[in-house]
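Asks: This is the structure I have questions about; it appears just below.
Derivation of every value follows stated rules applied to the coordinates shown; laboratory data play no part. For clarity, every value in this text was computed on a predicted model and none was experimentally measured. So basically every Cβ, Gly included, is an ideal-geometry build from the backbone, and we count neighbours across all protein chains shown.
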Amino acid sequence: MEEETYSSIFTALKHPIRRGILSMLSDKPMGFSDILSKLTIDSAHLSYHLGNLGSLVSKSPDEKYQLSYVGRAALNLMYGIEEPKREMTKKKPAHNLARLSVIVLIIALILAGWHLTTITAYERMYNVPGFGSIAKYENKTVETERGNITFTTYICTITHPPESLTVSLSALIYVKCLFSENITQGTQGIYNLTIRYLEYSTVDGGIYISKEKTYTGWFSPTEMQENYIFRGFVDIPGSIGLSETQQPIVRDIVVTAFANTSWPITSGFTIEAPRYGNAYIPTQPYRALGLKFIAAGTLLCIVMLITTFFILPSGSFREIARHQSKTG
């Protein structure tokens, strides 16, 4: 008996017209003419298909066709197969759009990263080599143009002179503070930028004597731009009437500062200056950022591949099983 029931169900579901008749009868019983009006077949073919439905349909007292309990079981089986398929078909465009968006993002990240790594800039600025820095932590009252101010820290950095200052006795230099985050907010510091040089003296018997020229200014965390406390030209006076070999000789540059800082300080200042003449340094300022873009695009590509080939297929199978359990 069970084999006959299964056979009749599978035979009935084999043809799309019979599946359509079962779907129509799921709402309410229908007469022969009502069913015929909804199908594009003649009455002979309808009678043939109704006969093949067999025990899946029965007639009500008013001679209308209705689903039997076997017919309802067949209908549930049919819905269990078709509904997940329809839902997955509806979701497919959304999945395709999301996948396309991710692919476009991956390509954009990799291309942008590759472009950033190829950008080459030519800079003339360089860090002037230094002899080192010292920092002393002691309270010291300094007499300034703004009155007597007590500072907690003394910082000193000594560097070589930049090339342009050595050659032409004039240079554009930038002095950068390396401990700006340690300066107490709302306080000020005072700096001295001193150029120490040797000047040839004919009065003293043709010897070089030590000279220095000092630039002084104030700095604070709120006033510093990109942590620079000084930007400008410095120079030393040339010797008029003397030969080229008797011109001043620049020894070094000393940057000293008094400031209120918090502990600890591990460095002082750096001096930046343009290279003399037309010497340019090729650099790739965006290489690190470009490599990050490429890494992000590669990682996103790996995640998409794992999701596509491992996670989504198993999720689809689970969705089908869930719909079958609901309609069973």
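Asks: Add +1 for every Lys or Arg and -1 for every Asp or Glu among the other residues with Cβ under 9 Å from the Cβ of G31, and state the total.
Replies: With Lys, Arg at +1 and Asp, Glu at -1, the neighbours total -2.
Asks: A further question on this structure: Loop only by DSSP, 15 or fewer other Cβ within 10 Å of the Cβ. Give me the GluC sites (Glu not before Pro) in region 107-169 that pass, ordered by residue number.
Replies: E145
Asks: As an exercise, identify the chymotrypsin sites (Phe, Trp or Tyr not before Pro) in region 208-302 lying in DSSP coil whose Cβ has no more than 14 other Cβ atoms within 10 Å.
Replies: Those satisfying the criteria are Y280.
Asks: At what distance in nm do the modelled label points of T216 and T266 sit from each other, each positioned 7 Å from its Cα along Cα→Cβ?
Replies: So the two model labels end up 3.3 nm from each other.
Asks: For a footprinting-style exposure proxy, rank S26, S101 by other Cβ within 10 Å, fewest first.
Replies: Least crowded to most crowded, the residues run S101, S26.
Asks: Which one is right for this structure if log10 I(q)/I(0) by the Debye sum over Cα atoms at q = 0.08, 0.11 Å⁻¹ is calculated from it: [x] -0.48, -0.83; [y] -0.65, -0.92; [z] -0.39, -0.71?
Replies: Looking at log10 I(q)/I(0) by the Debye sum over Cα atoms at q = 0.08, 0.11 Å⁻¹ for this model, the match is [y].
Asks: Under 1.5 on a/c is rounded, so check that first for region 125-277, then, if it is not, pick prolate when a/b is larger than b/c and oblate when it is not; a ≥ b ≥ c are the square roots of the alpha carbon gyration tensor eigenvalues.
Replies: Cα axes put region 125-277 in the prolate bin.
Asks: Taking amide H positions as placed in the peptide plane 1.01 Å from N, state which residues far from S201 in sequence (5 or more) or on other chains have amide H under 5 Å from it.
Replies: Hits under the 5 Å cutoff: G206, I207, Y208, I209.
Asks: To the nearest 500 deg cm²/dmol, what mean residue ellipticity at 222 nm is calculated for the chain from DSSP H runs of n ≥ 4 alone, each contributing -39,500 (n - 2.57), summed and divided by the residues?
Replies: -13500 deg cm²/dmol
Asks: Still on this structure, I have one more. Separation between the Y126 and V104 pseudo-spin-labels, each 7 Å from Cα along Cα→Cβ, expressed in nm?
Replies: Spacing of the two 7 Å Cα→Cβ label points: 4.7 nm.
Asks: Could you compute the FRET efficiency for D204 and V142, with r as their C-beta to C-beta distance and R0 at 22 Å, rounded to 0.05?
Replies: Here the calculated transfer efficiency is 0.05.
Asks: If you build a Gaussian network model of the chain, linking Cα atoms that sit under 10 Å apart, which residue out of L111, L25, L165 swings the most?
Replies: Ranking L111, L25, L165 by mean-square fluctuation puts L25 first.
Asks: Simple spin-label model, 7 Å along Cα-to-Cβ: E4 to Y48 in nm?
Replies: A separation of 2.5 nm, rounded to one decimal place.
Asks: Same structure again: Only loop residues by DSSP count here, and only those with at most 14 other Cβ atoms within 10 Å; note down the GluC sites (Glu not before Pro) in region 170-233 that meet that.
Replies: Loop-located and lightly packed - E223, E226.
Asks: If R0 is 51 Å, what FRET efficiency do you get for L77 and L299 from their C-beta distance, rounded to 0.05?
Replies: Efficiency, from the Cβ-Cβ distance: 0.70.
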